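Each remark here refers to the structure printed beneath this line.
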Amino acid sequence: MAMTATAPTSVRAFGPGIALSCRECGERYDLAPRFACEFCFGPLEVAYDFGTVTRADIESGPNNIWRYRHLLPVPANVAELPNMNPGLTPLVKADRLAAELGLDSLYVKDDSGNPTHSFKDRVVAIAVEAARTFGFTTLSCSSTGNLAGAVGAAAARAGFESCVFIPAGLEDAKVVMAAVYGGKVVAIDGNYDDVNRFCSELIGDEAGEGWGFVNVNLRPYYGEGSKTLAYEIAEQLGWRLPEQIVVPIASGSQLTKIDKGFQELIKLGLVEDRPYRIFGAQATGCSPVARAWEKGLDVIQPVKPDTIAKSLAIGNPADGPYVLDIAHRTGGSVEHVDDVEIVEAIALLARTEGIFAETAGGVTTGVLRKLVREGRLDPKAETVVLNTGDGLKTLNAVDAGVTATIAPSLKAFTEAGLA
Ligand SMILES: *Cc1c(COP(=O)(O)O)cnc(C)c1O
Ligand SMILES: [Zn+2]
């Protein structure tokens, strides 16, 4: 009887990821916890050698983002490692909202159902795998709210310490979500951009040794998680790209990676190469990218945020210039809506589709409505709007409550005019 000699399978820690490459000058680096080019300070991103990837490879995978592991910088056995396993959230055919807005075909990609109720679980899941490989012991981040919760939960699940940094004055639900998993939550007296600057200092200091900041020194890995939104939308449409998509902008990372994801699917022959238009959405109270777009500038002038859409309140968005490029290249645009329109749009989405969005979803839905009204979006084209967070986290933004309070009697019910 022959013994089966099993060759030790060397698991490549980054799967198809082969290097980091500078987005500006193309300089290549080893896969390491670094985020800026030594020559031009441009942002680094993961470069791949995919080989062949088929629809069947993906379709036979688990019902979460790891079905796309062939396209992500993660090991082949990633689905067996302790991770929050986010993704494969519903793509809701939004016929009632479409009818109200005057669109032929509309979908809401509803990412509120991720493990910590925002899209941030996607990006953190990839950063966790990188942190494990690099031997970090503490997970950290600078957060506008949702990221802090996603990092806290993922650290607990995967066995890291955590210490996250948020601007003071965030919504209660976001603070509680960040703290409940047992890590440290530090509020910084200042806005997100102050928090981010502080974290950059901490990374250079002894105090931050052994720390993986998911959106700073692990940013190239983190960013790749957003590509899974693009993959899911295409797969859920039956392996087809949408013709138009409305995406929220905080740092701009998600929008640029959705474009990267669509491009990869085209290059791999997984979808037909057809044009798509990407529209960026910001809140008027923090709209540096939309303002640059309006003025036809290719640089971003930082602003001081003042909006109820706190999850998108980044006054100096790192990926802003790339967002402008993508909006230009695809024939989209970057728009903003004010806080009143955000609240109206949250109510509109809830009333028509039964989806309770956080303020970021109000921003995208509001921008969608504005684009249709102003005739700048094709009402005949297949359109996707993103809802990236759960309305339960921003309860104070909405004005909704009981219709009436009555005594427990039929008489009271009738008298209150409710029958
Ligand atoms: C972080 C976040 C985004 C997008 O952030 P980017 O920095 O642009 O990638 C969108 N929606 C919500 C709810 C978020 O928390
Ligand atoms: Zn460079």
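The values are calculated or read from the model by the stated rules, or taken from the named source; none is laboratory data. Note that the coordinates shown come from a computational prediction; the quantities given were computed from them, not determined experimentally. Backbone-built Cβ (ideal geometry, glycine too); neighbour counts: all protein chains shown. Each accessible area value is taken on the protein alone, full model and side chains, heavy atoms only, with ligands, DNA and RNA left out. Shrake-Rupley method; radii C 1.70, N 1.55, O 1.52, S 1.80 Å.
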Among the residues that make up region 245-266, is at least one of them farther than 22 Å from residue 127 by Cβ, open to solvent by 10 Å² or more (accessible area, probe 1.4 Å), in contact (Cβ under 8 Å) with a residue 12 or more places away in the chain and of a type outside the set (S, T, N, Q)?
yes
Which residues, taken from region 115-135, are over 19 Å from residue 221 (Cα atoms) and open to solvent by less than 10 Å² (accessible area, probe 1.4 Å)?
116
With the first residue restricted to region 77-102 and required to be closer than 18 Å to residue 368 by Cβ, and the second required to be in a loop (DSSP other than H, G, I, E, B), Cβ contacts under 6 Å at 6 or more apart or on different chains are 102/379
What single numbered condition from (1) surrounded by fewer than 21 Cβ atoms within 10 Å (Cβ to Cβ); (2) free of Cβ contacts under 8 Å to residues at least 24 places away in the same chain; (3) farther than 16 Å from residue 234 by Cβ fails to hold for residue 57?
(3)
When region 24-40 is checked residue by residue, the ones that are more than 6 Å from ligand 2 (Cβ to nearest atom) and either surrounded by 16 or more Cβ atoms within 10 Å (Cβ to Cβ) or free of Cβ contacts under 8 Å to residues at least 40 places away in the same chain (or both) are 26, 28, 29, 30, 31, 33, 35, 36, 38
Would you check if residue 142 is buried (at least 23 other Cβ atoms within 10 Å of the Cβ) and within 28 Å of residue 366 (Cα to Cα)?
yes
Can you name the helices (runs of 4 or more DSSP H) wholly within region 94-175 that have at least 3 residues being outside the structural domain of residue 226 (by TED's automatic domain parsing) and not β-branched (Val, Ile, Thr)?
120-134, 146-158
Tell me whether region 258-272 contains one or more residues that are assigned to a loop (DSSP other than H, G, I, E, B) and among the charged types (D, E, K, R).
yes
